Amino acid sequence: MKQLQFFFLLLLIVFIGASCGGSASGSQNKTDAAAPTNSASGETSFSCKLNGKEFSGKGTDQNINAAFHLTGDDKGQIFFRLSKLDDPGDKLMFQVPGKTGSTTFSVSPNYSYGGYATADFANYIDDPVTVTINSINASEVSGTFSGKYSLQKGSGNTSSSQTIEVTDGKFDIPFSTSAQWKQMYKAE
């Protein structure tokens, strides 16, 4: 239940943020020059294929394409959302252990927040999806992901695909430095 409440709160934030210029703070500045970036590639990015169609993005606004070290009951886990900064409607969301290694989750997720949501409010759940953290340090996290999402019952319109296959997923993102977003996500 806690995960479902968080997911709907996150959707509300995205909706409000999209109407305010792309971020929940209403800022037009989509990247933060002070934000850490991957030393190997030099920039924050993610990419994957959803049913064979490219889905990717670059940059961070300290919420989108940024990771959070969670606290409280979720201590030891990280949360992150991957989306295009200029069109944050479609998004991939993950909550996984904050350490190197692979985590696979299914329809009854132990960690993931609904997996994939579309701009037209079709919500997909992990069925199963595997996330591998290849590298994690104090400022950034990188890894891969792949698997399948299934349309959540009662979600989206009838024309929504019942399943989405995600392949070739990669992410290379900083940990957020925003006190506002850390407070929102109950993160440190």
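The values are calculated or read from the model by the stated rules, or taken from the named source; none is laboratory data. All values derive from a computational prediction rather than experimental measurement. For neighbour counting, all protein chains shown are included, and Cβ atoms are generated from backbone atoms with ideal geometry for every residue, glycine included. These area figures cover heavy atoms from the full protein model, side chains too; ligands, DNA and RNA do not enter into them. Shrake-Rupley method; radii C 1.70, N 1.55, O 1.52, S 1.80 Å.
If you go through segment 78-95 and keep only what is more than 17 Å from THR132 (Cβ to Cβ) and surrounded by 20 or more Cβ atoms within 10 Å (Cβ to Cβ), you end up with ARG81, SER83, PRO88, LYS91.
Each row is one residue, and each column tells you yes or no for (1) at pLDDT below 95; (2) in contact with a Gly (Cβ under 9 Å, 6 or more places away or on another chain); (3) at positive phi.
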{"residue": "ALA119", "(1), (2), (3)": "yes, yes, no"}
{"residue": "ASN134", "(1), (2), (3)": "no, yes, no"}
{"residue": "PHE145", "(1), (2), (3)": "no, yes, no"}
{"residue": "SER161", "(1), (2), (3)": "yes, no, no"}
{"residue": "LYS170", "(1), (2), (3)": "no, yes, no"}
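Taking segment 57-76 as the range and being part of a loop (DSSP other than H, G, I, E, B) and either within 18 Å of ASN137 (Cα to Cα) or within 10 Å of the chain's Cα centre (by Cα) (or both) as the test, the residues that pass are THR60, GLN62, ASN63, ILE64, ASN65, ALA66, THR71, LYS75, GLY76.
Listed by position, the strands (runs of 3 or more DSSP E) enclosed by segment 77-188 that each have at least 1 residues that are within 12 Å of the chain's Cα centre (by Cα) are 77-84, 87-97, 123-136, 140-151, 163-174. Can you tell me which residues in segment 156-179 are free of Cβ contacts under 8 Å to residues at least 40 places away in the same chain and farther than 20 Å from ALA117 by Cα? Passing the criteria: only ALA179.
Comparison of LYS148, LYS153, LYS182, LYS75 shows that the only residue that is open to solvent by 60 Å² or more (accessible area, probe 1.4 Å) and touching a residue at least 12 places away in the same chain (Cβ under 8 Å) is LYS148.
Condition first: assigned to a strand (DSSP E or B) and either over 20 Å from THR163 (Cβ atoms) or within 12 Å of the chain's Cα centre (by Cα) (or both). Now tell me which residues in segment 42-56 satisfy that.
Quick first cut of segment 42-56, residues assigned to a strand (DSSP E or B) only: 45-50, 53-56.
Within segment 42-56, SER45, PHE46, SER47, SER56 qualify.
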